[in-house]
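See below for the structure under consideration.
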Amino acid sequence: MTIFGCKPVAVLLLTALLAFGAAQAAAPVKTLRYIFPAAETGFDPAVERDLYSNHVCQAIFETLYTYDYLARPVKLVPLAAAALPEVSADGKTYTIRLKQGQYFTPDPAFKGKRRALTMADYIYSWKRLFDPKLASPHSWLLEGKVAGLDALAASAKKSGKFDYDAPVAGLELVDPYTLRIHLTQTDFNLGMILAHVPTVAVAREVVEAYGDINGAAMANPVGSGNYTLGQWVRGSRIVLEKNRAHADMVWDFKGNGTPDDERIIAQMKGKHMPQIERVEISIMVEDQSRWLSFQSGAVDLFWLDGPLAPKAMLNGKLRPELAAKGVQLSRLIDPEITYYYWNMLDPVVGGMAKEKIALRRAIAMAHNVDEEISIVWNGQAQRIDYPIPPGVVGHDPAYRSVLQYDPALANKLLDRYGYKKGKDGWRTLPDGKPLLLHYTSRNEASGVLLAEVWRKSYNAIGIRMASDRLVFSDLLQAEKLCKLQSRNFQWAADYPDGDNFMQLFYGPNVYQNNAGCVADPQVDKLYAATRMMPASPERDVLYHQMARRIEVIGASRVAYARYRNMLAQPSVLGYAKHPILHQEWAYIDIDPSRMPPR
């Protein structure tokens, strides 16, 4: 029936609703497609320590603080916290207020209740770092700093049980949303530490529901961040979905006035974050497969590692044919170091006997760092001698290592300390027994190249080298247990201060981040002193002494910092590689109309 030639209001309303629903169904989900060049290990922030798992954890969980997306040098800003911390004049007391109205994503562990995020969750999560049973590699972040926390860990080692309900004097819960942290010593870097992934909030109910025998919940990440885990096929595929319960943030970053910043601001200002509703991650170990995937348009954002650089770059710039297609390049020197270590606990290369020091120093001097950069990374790295890289407070570009490339001197050093050559041209140990050293690399193309470059160095000084290649997760596990003899070790900045790099050589961090298993009293004494100092020329003097001591004993040799070359398809809006953040998915957008044909 019609009235005056018009449809009834109910019919019109139904038609409008159906049309709206159809439009909504037809609207494409904004999906970012990404690649990891190595498999993840799991998603418990207290346990995992690889870069790729950190990408995912940073998206699912939230730290109290993070970094401004565009500010350079990097600038600390609140994330889950309501504001930057209030710090006492002596740097020993931090008062932190949490934003109210934040919630964990729904999970059966919460038994149907909406679970609010409170400061008690951060206290629980930081205690987990000290649970001996969990054996977190991240306890160093707060070790020796928070009053009473180390004592709680010591008590657990004696009793065999960690008491999560025991009060800690240094973690004063003023109210559910206010925490006062009391430190044992001055530390003006705590805010940056609380922006690092291992300090995120994890819900106790989730760990108790899904934790393994040691208390690790690697397969059930439940956080309060921008994304949730939608799908996970180990070592193959990871899908993240937008957390619809997360409060949107409005994109409002200022930048530094560069043309790139102005372009990004024009593309993103005023948008609600995150715009990306779905992140699909594929694991592809082979360089060529990754490159073909990006070329075909199947990947939106691509880490152009050194071996692939010539395919997309010429003289440090994007090749004209790619630029003509609208492909974007974001390039920076990563705040990272690659250094070579020789396991100080190994019976062949370790120890402080003079002949062992001579062996390590000789190997270091036999290796051509510039050649490695050229062959393995296609020139996409900057040689450095200092253990603190560019872009990090404390870096010294003028520092020069005593371990420079000099194979002739390396051979003389080995001759002097009894590593004699036999009739076959290979050296023996000073006691006449055969000398065979092991170099370990990742089981992929760059790992093969690294092994060959190192074999050339060992050959130059008459030492047999065995090449051991492991998948990344197995390599990390063996390294943490001090089972590897030698390898190239990379460390990217967790926070932009020299402390984050010098702790790599601190004795108490063996079996955590001290991959070379260095435990030298002189180094430890120097580092312990620096922990009580703010960034200053006085602290730099001690860092220099540490660096020189590490070279003198031949524990390691600093080599280079790599360029980070990130390619983005024309459809990606607002992208800039951040020096510290592992990923930037919540800060960018996708314009489907700009997507390349597939």
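Is it fair to say Tyr94 is of a type outside the set (A, V, I, L, M) and touching a Pro at 6+ places or on another chain (Cβ under 6 Å)?
yes
Going residue by residue through the range 235-245, is there one that turns out to be loosely packed, with under 12 Cβ neighbours inside 10 Å, out of contact with any Ser or Thr (no Cβ under 7 Å at 6 or more places or on another chain) and at pLDDT below 95?
Within the range 235-245, one or more residues are loosely packed, with under 12 Cβ neighbours inside 10 Å, out of contact with any Ser or Thr (no Cβ under 7 Å at 6 or more places or on another chain) and at pLDDT below 95.
Sort out for me the strands (runs of 3 or more DSSP E) sitting completely within the range 225-307 that have 1 or more residues that are among the polar types (S, T, N, Q).
By residue number, 227-233, 278-283.
Pairs under 9 Å by beta carbon, first residue free of Cβ contacts under 8 Å to residues at least 60 places away in the same chain and over 20 Å from Gly507 (Cα atoms) in the range 125-154, partner β-branched (Val, Ile, Thr) and surrounded by 18 or more Cβ atoms within 10 Å (Cβ to Cβ), six or more apart or different chains?
Hits for this filter: Lys127/Val168; Ala147/Val168; Ala147/Ile181; Gly148/Val168; Leu152/Val168.
What number of residues within the range 142-181 are part of a loop (DSSP other than H, G, I, E, B), of a type in the set (A, V, I, L, M, F, W, C) and out of contact with any strand residue (DSSP E or B) (no Cβ under 9 Å at 6 or more places or on another chain)?
3
Quickly run through the range 341-359 and pick out the residues that are crowded, with 23+ Cβ neighbours inside 10 Å and under 17 Å from Lys421 (Cα atoms).
Leu359
Hey, could you check the range 252-281 for residues that are of a type in the set (S, T, N, Q) and surrounded by fewer than 18 Cβ atoms within 10 Å (Cβ to Cβ) and say which is modelled with the highest pLDDT?
Ranking the qualifying residues of the range 252-281, first place goes to Gln267.
Per-residue answers, yes or no, for (1) among the aliphatic types (A, V, I, L, M); (2) closer than 22 Å to Trp491 by Cβ; (3) not assigned by TED's automatic domain parsing to the domain that holds Asp520:
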{"site": "Asp370", "(1), (2), (3)": "no, yes, no"}
{"site": "Ala381", "(1), (2), (3)": "yes, yes, no"}
{"site": "His395", "(1), (2), (3)": "no, yes, no"}
{"site": "Leu409", "(1), (2), (3)": "yes, no, no"}
{"site": "Gly418", "(1), (2), (3)": "no, no, no"}
{"site": "Asp424", "(1), (2), (3)": "no, no, no"}
{"site": "Thr428", "(1), (2), (3)": "no, no, no"}
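When the residues of the range 566-594 are narrowed to those that are aliphatic (A, V, I, L, M) and outside any strand (DSSP E or B), which ends up nearest to Trp291 (Cα to Cα)?
Within the range 566-594, the match that is nearest to Trp291 (Cα to Cα) is Ala576.
Quick check, is Val392 surrounded by 16 or more Cβ atoms within 10 Å (Cβ to Cβ), under 19 Å from Ile550 (Cβ atoms) and in contact with a strand residue (DSSP E or B) (Cβ under 6 Å, 6 or more places away or on another chain)?
So Val392 fails the test.
Condition first: surrounded by fewer than 17 Cβ atoms within 10 Å (Cβ to Cβ) and not small (Gly, Ala, Ser). Now tell me which residues in the range 78-106 satisfy that.
Scanning the range 78-106 gives Leu84, Glu86, Asp90, Thr93, Thr95, Lys99, Gln100, Tyr103, Pro106.
For the range 199-211, indicate whether the set of residues that are in contact with a His (Cβ under 9 Å, 6 or more places away or on another chain), touching a residue at least 24 places away in the same chain (Cβ under 8 Å), surrounded by 21 or more Cβ atoms within 10 Å (Cβ to Cβ) and not assigned by TED's automatic domain parsing to the domain that holds Phe162 is non-empty.
no
Starting from residues that are touching a residue at least 40 places away in the same chain (Cβ under 8 Å) and polar (S, T, N, Q), keep the ones in the range 521-565 and report whichever is farthest from Trp291 (Cα to Cα).
Checking each candidate, the answer is Ser556.
Being in contact with a Gly (Cβ under 8 Å, 6 or more places away or on another chain) and more than 21 Å from Arg400 (Cβ to Cβ) is the filter here, so list the residues in the range 531-564 that pass it.
Those that are in contact with a Gly (Cβ under 8 Å, 6 or more places away or on another chain) and more than 21 Å from Arg400 (Cβ to Cβ): Arg531, Pro534, Ala535, Tyr563.
Checking Thr186 against (1) in the same structural domain as Asp90 (by TED's automatic domain parsing); (2) of a type in the set (S, T, N, Q); (3) in a strand (DSSP E or B), only one condition comes out false. Which one?
Here Thr186 clears every test but (3).
If you scan the range 432-451, which residues turn out to be of a type in the set (Ser, Thr, Tyr) and either modelled with pLDDT under 95 or in a loop (DSSP other than H, G, I, E, B) (or both)?
Ser446
I need the full set of residues from the range 145-156 which are modelled with pLDDT of 95 or more and out of contact with any Phe, Trp or Tyr (no Cβ under 7 Å at 6 or more places or on another chain), in order please.
Passing the criteria: Val146, Ala147, Gly148, Asp150, Ala151, Ala154, Ser155.
Which pairs have Cβ atoms under 6 Å, sit 6 or more apart or on different chains, and link a residue in the range 99-115 that is in the same structural domain as Thr178 (by TED's automatic domain parsing) and within 20 Å of Leu240 (Cβ to Cβ) to one that is modelled with pLDDT under 95 and loosely packed, with under 15 Cβ neighbours inside 10 Å?
Tyr103/Ala245
Under 8 Å between Cβ atoms, which residue pairs at least 6 apart in sequence (or on different chains) link something in the range 156-169 that is not assigned by TED's automatic domain parsing to the domain that holds Ser125 with a partner that is charged (D, E, K, R) and assigned to a loop (DSSP other than H, G, I, E, B)?
none
The values are calculated or read from the model by the stated rules, or taken from the named source; none is laboratory data. From a predicted model like this one, the values you see are computed outputs, not experimental measurements. We place every Cβ from the backbone using ideal geometry, glycine too, and count neighbours over all the protein chains shown.
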